[in-house]
Amino acid sequence: MNINIPYSLIFTLLVVANVAQASDVNQGREIYQRRCAMCHGVNGSASMAGAAEFKRGQGLMQSDHALLERIQNGKNACPAYRGILTKQQTFDVIAFIRTLF
């Protein structure tokens, strides 16, 4: 049996599969420890005044995309991570901080 599949369909499926990667909590933990724990605490209990207490769920009652924008743009003392972390890395961090609550 010979099946002809258009190359455009194959390309589209590969692009969609690449974009829709699952978040990696372990990768998120590593990034969080390097970039976020100094203010938000190793276990999500903020060590800096004004930082979100992830252990208490502060700031986590938003969609992943809303959190992505917040992390990329920064807020108050928290720096913007646009251009520093990829979207996938940011989603990995979001997946990790959701485990702290």
Check your understanding: Is there any pair linking a residue in the stretch 34-62 that is free of Cβ contacts under 8 Å to residues at least 12 places away in the same chain to one that is open to solvent by less than 20 Å² (accessible area, probe 1.4 Å), with Cβ under 6 Å and at least six apart or on different chains, and which?
Key -> Ser47/Gly41
**Study point:** Complete set of residues in the stretch 68-87 that are surrounded by fewer than 19 Cβ atoms within 10 Å (Cβ to Cβ), touching a residue at least 24 places away in the same chain (Cβ under 8 Å) and in contact with a Ser or Thr (Cβ under 8 Å, 6 or more places away or on another chain)
**Key:** none
Review point. Would it be correct to say that Ala17 is outside any loop (DSSP other than H, G, I, E, B) and modelled with pLDDT under 95?
Key: yes
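The values are calculated or read from the model by the stated rules, or taken from the named source; none is laboratory data. Computed from a prediction, not measured in an experiment: that's the story for all the values here. Methodologically, a virtual Cβ is constructed for each residue, glycine included, from the backbone with ideal geometry; neighbour enumeration extends over all protein chains shown. Protein only, heavy atoms only, side chains kept; ligands, DNA and RNA dropped before computing areas. Shrake-Rupley method; radii C 1.70, N 1.55, O 1.52, S 1.80 Å.
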